[in-house]
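Undergrad: Quick one: the structure is below, and I'll ask about it shortly.
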Amino acid sequence: MTYEIHRYPADLIDVVYLGGERVVIRPILPQDEDLTSAFFGALSATARQQRFLSAMRSLPPGLVKRLTQVDYTEHLALVAEVFRDGREMVIAEARYARGQDRSEAEFAVSVAEPWQGLGLARLLLGKLVERAACSGVQRLVGETLASNERMLKLAHAAGFAITRSLQARGMMHLEKTLAPWPMHPAAARPAAA
């Protein structure tokens, strides 16, 4: 299958060392469907519940396609991966997606349990905040379970306001107003025709 990608944000590719391992952070690609399915499938039931707010055992194919086929402006997704035995393995993902109100984007972050507590979620969220602000997003919002202490701690440390959700019991609403950032050159380029 051939994919056409306009404006792949290669400037977001980064290499960091966490827990003594080399971790590559990069924007997701359409051909990452199998890696994405494997990542979410390997999460514990609790982690999947926290990420999707439902007890999915596996991701439906249509959802996998929506998670991997992004335009990098309205919907940006980053993955963190390591290489084991010559194969890629996704260990975290973070994304934002704009809705009808283009000034606002919903965000999500998920990190495989063995990689939690090493600063990976903080790093990914920081990259999302910066790129969202450069793309004109004024607010990042999210919902999480009131029991998701790691996400609440991450959001608090990143400057998000945390309030009880008005939409559902047991949920917390996360919101951060983004300061305008200078337009990043990669985010400012018009789409290729």
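Undergrad: Quick check on this structure: which one of Leu78, Leu12 is within 21 Å of Pro114 (Cα to Cα) and not hydroxyl-bearing (Ser, Thr, Tyr)?
TA: Sole residue among the options that is within 21 Å of Pro114 (Cα to Cα) and not hydroxyl-bearing (Ser, Thr, Tyr): Leu78.
Undergrad: For Ile162, which of the numbered conditions (1) within 21 Å of Glu93 (Cβ to Cβ); (2) at pLDDT 90 or above fails to hold?
TA: For Ile162, the failing item is (1).
Undergrad: Here's something else I'd like to know. Hey, Glu143 hits all of (1) under 13 Å from the mean Cα position of the chain (by Cα); (2) part of a strand (DSSP E or B) but one; which does it fall short on?
TA: (1)
The rows are residues; the columns are (1) part of a helix (DSSP H, G or I); (2) under 18 Å from the mean Cα position of the chain (by Cα).
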site: Tyr8; (1), (2): no, yes
site: Asp11; (1), (2): yes, yes
site: Val16; (1), (2): no, yes
site: Arg22; (1), (2): no, no
site: Gln31; (1), (2): yes, yes
site: Ser37; (1), (2): yes, yes
site: Leu59; (1), (2): no, yes
site: Leu67; (1), (2): yes, yes
site: Val79; (1), (2): no, yes
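Undergrad: Scan the stretch 112-123 and report the pairs whose first residue is within 11 Å of Leu154 (Cβ to Cβ) and whose second residue is assigned to a helix (DSSP H, G or I) and not β-branched (Val, Ile, Thr), with Cβ atoms within less than 6 Å and a gap of 6+ or a chain change.
TA: Close Cβ pairs (under 6 Å, with a partner that is assigned to a helix (DSSP H, G or I) and not β-branched (Val, Ile, Thr)) amount to Ala121/Leu154.
Undergrad: Checking Leu63 against (1) surrounded by 13 or more Cβ atoms within 10 Å (Cβ to Cβ); (2) within 28 Å of Ser147 (Cβ to Cβ); (3) in contact (Cβ under 8 Å) with a residue 24 or more places away in the chain, only one condition comes out false. Which one?
TA: (3)
Undergrad: I'm trying to understand the selection: among the residues of the stretch 109-140, which are under 12 Å from the mean Cα position of the chain (by Cα), small (Gly, Ala, Ser) and surrounded by fewer than 19 Cβ atoms within 10 Å (Cβ to Cβ)?
TA: Gly126, the sole residue that qualifies.
The values are calculated or read from the model by the stated rules, or taken from the named source; none is laboratory data. A quick note: this is a predicted structure, and the numbers were derived from the prediction, not measured. Cβ atoms come from the backbone with ideal geometry, glycine included; neighbour counts cover every protein chain shown.
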